[in-house]
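These notes are about the structure you will find just below.
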Ligand code: SF4
Ligand code: SF4
Ligand code: SF4
Ligand code: SF4
Ligand code: SF4
Ligand code: SF4
């Protein structure tokens, strides 16, 4: 490797030396460098064009790394990750987007992040509770070869926390709906207050997403772009939304659900014991 | 005509299809990234601890290259697939050549010179520079930075964005951006493989071992039937790397990707896969 570098720098000099008197362009110089290779003087070396390309690629990587770090730090995002994700920094450092967790999830909950301004996170796994909920089968954690998802992480037993959306939840204005509280597999995680409105116990809830999946608000309400579709959403425990006590409005949820709390991490283990209190009998949809 | 090229397209598409099938069958086989030496190194420096569970897959891939040559590049890598699919009649090879032997034209009427003397070679030194920079950047910013540009990652990123679209009906910008980046890298940066691809650095090292293994198959022209002395340069002309199998040195064969175009087109079927 070292020897090759020496040879190649010699070659670059030879190339430019030959090209300079002609006042040649960089392309001509590259041709000369190729010619030097042709004459067989530097069999293992680098042509000038290859050197320029490698240098440009290096510069792009430095720029992209800086921009990516800036995007990540300004976005300060806290996505809802599969169980076993320690925190955003750990996941981003270890995930190589091999998609094994995506393939492993029997209910297609784990999906690659789409491309957004926070581009270093693209392709890393997040949970989508549209048509299913997590039963902590841990197949995603088993599948992960990089340690991005691991059994030791606090989120292995506690993915996130459900937040009621006060202007979208049907029980809040019309009353009568108890679907989430009826279906929640963790005893005591959703309780109804004296007006029949659901409240989430932030310690007991383990973020399984069953309530979000079954919430009937979208089919009961006429479509209204100003409110969230569902009346209850699971958010990351590192997000600012998780730090707000009680229910949120749609606008607050939109703004806070992916924003990372400044005291991120302090609340992540609060409900770690909740999985133990899970009812085993909860049937799947 | 071009039987081998269609076969290579078929194999590379089959790999993508198999990964997609695993997704729908919930078999966690993973993408090629689960075997990638660059991803392994990036994660090690970005997170400060070695992802040992990746190592068996990485070593298995490098062992295949050491035994069979850089067959990954020709037969599996989405970069070559893109070239073979959209590269017209003469898609370029690793070294950025068109498969039309630069040295063959210099003969000026008489028998042409040795094509191997005129080849552009892939450069471990250039790829080594890229690898060193990407590891340094990953170390500083704490995420695997090259994966955002890697043609393999872009191809699988597009594939999984499509599968997410089928499942959640949520399209993302990557459905447009990733294929555009992939095409730009393959067709605007024609020397991507020869000068940039850091996987190529590892494969190049393994290929150095390959050309020295006496039992590992390499394309060589059988002197008994080869028409090189009569002026035939067919193998070098069809070879995407401009390698002439009659005169190739081990250094030339390091760039061979085992595409087998030379074997297919040799007029006397003189090209054999032998350990030499
Ligand atoms: S634990 Fe099981 S159900 Fe939950 S996200 Fe992982 S694979 Fe899916
Ligand atoms: S299995 Fe692990 S490394 Fe692979 S995409 Fe999922 S989190 Fe990332
Ligand atoms: S996320 Fe699961 S545990 Fe939490 S409230 Fe909803 S159904 Fe209950
Ligand atoms: S050099 Fe890299 S990008 Fe090119 S074919 Fe090989 S693995 Fe793919
Ligand atoms: S994206 Fe490319 S460099 Fe990154 S792990 Fe995958 S194959 Fe390797
Ligand atoms: S020597 Fe033959 S097998 Fe090797 S790259 Fe050239 S044409 Fe393909």
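Here, each number is a calculation from the coordinates, and none is a lab measurement. Just so you know, these numbers come straight off a predicted model, no measurement behind them. All Cβ positions, glycine included, derive from the backbone under ideal geometry; neighbour counts span all protein chains shown.
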TODO: Using label points projected 7 Å from each Cα along Cα→Cβ, tell me how many nm separate residue B:230 and residue A:142, to one decimal.
DONE: 6.3 nm
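Which order, highest average first, do B:205-212, B:34-41, A:157-164 follow once you tally other Cβ atoms within 10 Å for each residue and take the mean per peptide?
Per-residue mean Cβ counts within 10 Å order the peptides as A:157-164, B:34-41, B:205-212.
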TODO: Using only Cα atoms, find the angle between the long axis of helix B:3-25 and the longest principal axis of chain B, and express it within 0 to 90 degrees, rounded to the nearest 10.
DONE: 10 degrees
Open item on the list: Quick check on the exposure proxy: order A:139, B:272 from fewest to most C-beta atoms within 10 angstrom.
Closed with: B:272, A:139
Task: Calculated FRET value between residue B:269 and residue A:220, using beta carbons and R₀ = 56 Å, to 0.05 - done: 0.15
TODO: Pop a pseudo-label 7 angstrom from the Cα along the beta-carbon direction at both residue B:52 and residue B:222 and give the gap in nm to one decimal.
DONE: 5.0 nm
Task: Tilt relative to chain B, helix B:198-210 - C-alpha long axis, 0 to 90 degrees, to 10 - done: 50 degrees
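Using a 10 Å cut-off on Cβ to Cβ distances, tally the other chain neighbours for every residue of B:173-179 and report the average as a whole number.
3
Nearest 500 deg cm²/dmol is fine: what mean residue ellipticity at 222 nm does chain B get from its DSSP H runs of n ≥ 4 alone, each adding -39,500 (n - 2.57), divided by its residue count? Kindly include the intermediate steps, with their values, before the conclusion.
Details: 11 runs with 134 residues, N = 276.
About -15000 deg cm²/dmol.
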TODO: Put one equal scatterer on each alpha carbon of the range B:3-274, apply the Debye formula with no solvent term, and list log10 I(q)/I(0) at q = 0.09 1/Å to two decimals.
DONE: -0.44
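Per residue of B:165-172, how many C-beta atoms from partner chains lie within 10 Å of its own C-beta, taken as a mean? Please list the in-between numbers first.
Details: counts 2, 1, 8, 7, 1, 4, 1, 8.
Average per residue, whole number: 4.
Considering every residue in B:145-151, what mean count of other chain Cβ atoms within 10 Å of its Cβ is obtained?
Values: counts 9, 4, 7, 10, 4, 2, 0.
Neighbouring Cβ atoms belonging to other protein chains average 5 per residue here.
Give the order of B:220, A:100, A:237 when sorted by the count of other beta carbons within 10 angstrom, beginning with the fewest. Intermediate values should be presented prior to the final figure.
Numbers: B:220 19, A:100 26, A:237 30.
With the sparsest Cβ surroundings first, the list reads B:220, A:100, A:237.
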Task: C-alpha long axis of helix B:174-187 to longest principal axis of chain B, angle in ° - done: 20 degrees
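Which ordering of B:156, B:202 is given by a fewest-first count of other beta-carbon atoms within 10 Å?
Numbers: B:156 25, B:202 22.
Least crowded to most crowded, the residues run B:202, B:156.
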- [ ] Give the span of the range A:158-277's Cα atoms along each principal axis, as three whole-Å numbers ordered largest to smallest.
- [x] 38, 30, 23
- [ ] Could you sort B:183-191, B:141-149 so that the peptide with the highest average Cβ count within 10 Å comes first and the rest follow in order?
- [x] B:141-149, B:183-191
